[in-house]
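**Q** Got a structure for you, written out below as structure tokens; questions coming shortly.
The values are calculated or read from the model by the stated rules, or taken from the named source; none is laboratory data. Please read these numbers as outputs of a predicted model, since none were measured by experiment. Positions of Cβ are generated from backbone atoms using ideal geometry, with glycine treated the same way; all protein chains shown enter the neighbour counts. Ligands, DNA and RNA are stripped out before the accessible areas are found, and what is left, the full protein with its side chains, is counted by its heavy atoms. Shrake-Rupley method; radii C 1.70, N 1.55, O 1.52, S 1.80 Å.
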Amino acid sequence: MNDVTAARPSNLNLPNVITTLRIVLVPFFAVALLIDGGTSITWRLVAFAIFVVAMVTDKIDGDIARKRGLITDFGKIADPIADKAMTGMAFIGLAIIYDNPWWWAMTIVVELREWSVTVLRLSILNKVVIAADQLGKIKTTFQAVGLSFLILPLMDSDLPGWMQTPAEILWWIALVLVGIAVALTIVSGVQFFLGVWRQRHALRGGPAEGSSGHQP
């Protein structure tokens, strides 16, 4: 028992530091994205850079934690919070900038799904294993790429003339990617809740009905 306790990695490790920095970056990202109502090309580029750094380090901290055996309870809780906080701020910021009812509807649906899944997953963390599935990984990729390009000032009228047409095409592609990500978000969320339902006996202290589950 003492050996197991002693073998537990410290919360003060590189993956957790990276995760914490990602959380700290969220308000800076929000400010950069929304300065001058989102009309500043320079600050939109800064917001893009912050978002990309957050998305890349999201993978890096997880890879380091798994390879070096540095997975901790703090990391299990903080990592999804950092991810949902950054992408959630991107959705909310873009909804404010575009001020479109469809954007707000999409943002509300995504945020309700993301945080309900995150809260439920954390609440059952020590009772059942909800494994990651391929659909959730695809959703994350589409969402990260789509949001990244939408954060860029692609539709800004101050862009040089030769950039405006390619930028508009890229904007529409990014919009489609986000639309696909939203659809996958809903589907993977349903799969997650079904996975929890199948393991409801384990949650009550009895044997699980099945070992399969989904974490988006």
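**Q** From THR57, THR72, THR42, which residue is in contact (Cβ under 8 Å) with a residue 60 or more places away in the chain and among the hydroxyl-bearing types (Ser, Thr, Tyr)? Don't jump to the end; show me each part of the working.
**A** Values: THR57 fails: in contact (Cβ under 8 Å) with a residue 60 or more places away in the chain; THR42 fails: in contact (Cβ under 8 Å) with a residue 60 or more places away in the chain.
Unique residue meeting the criteria: THR72.
**Q** Moving on. Is it the case, given these coordinates, that ILE64 is among the β-branched types (Val, Ile, Thr) and at pLDDT below 95?
**A** Values: among the β-branched types (Val, Ile, Thr): yes; at pLDDT below 95: yes.
Answer is yes for this residue.
**Q** Within the set of pairs 6 or more residues apart or between chains, which connect a residue that is under 18 Å from ILE41 (Cα atoms) and touching a residue at least 40 places away in the same chain (Cβ under 8 Å) inside the range 88-111 to a residue that is aliphatic (A, V, I, L, M) and crowded, with 18+ Cβ neighbours inside 10 Å with Cβ atoms less than 7 Å apart?
**A** Once the first residue is under 18 Å from ILE41 (Cα atoms) and touching a residue at least 40 places away in the same chain (Cβ under 8 Å) and sits in the range 88-111, its partners that are aliphatic (A, V, I, L, M) and crowded, with 18+ Cβ neighbours inside 10 Å give ALA90/LEU147; ALA90/ILE151; GLY93/ALA30; GLY93/LEU33; GLY93/LEU34; LEU94/LEU150; ILE96/LEU34.
**Q** For the range 95-126, give me each residue that is modelled with pLDDT under 90 and aliphatic (A, V, I, L, M).
**A** VAL117, VAL119, LEU120, LEU122, ILE124, LEU125
**Q** Of the conditions (1) open to solvent by 80 Å² or more (accessible area, probe 1.4 Å); (2) in a helix (DSSP H, G or I); (3) of a type in the set (Val, Ile, Thr), ILE71 satisfies every one except a single condition; which number is it?
**A** Among (1) open to solvent by 80 Å² or more (accessible area, probe 1.4 Å); (2) in a helix (DSSP H, G or I); (3) of a type in the set (Val, Ile, Thr), the lone unmet condition for ILE71 is (2).
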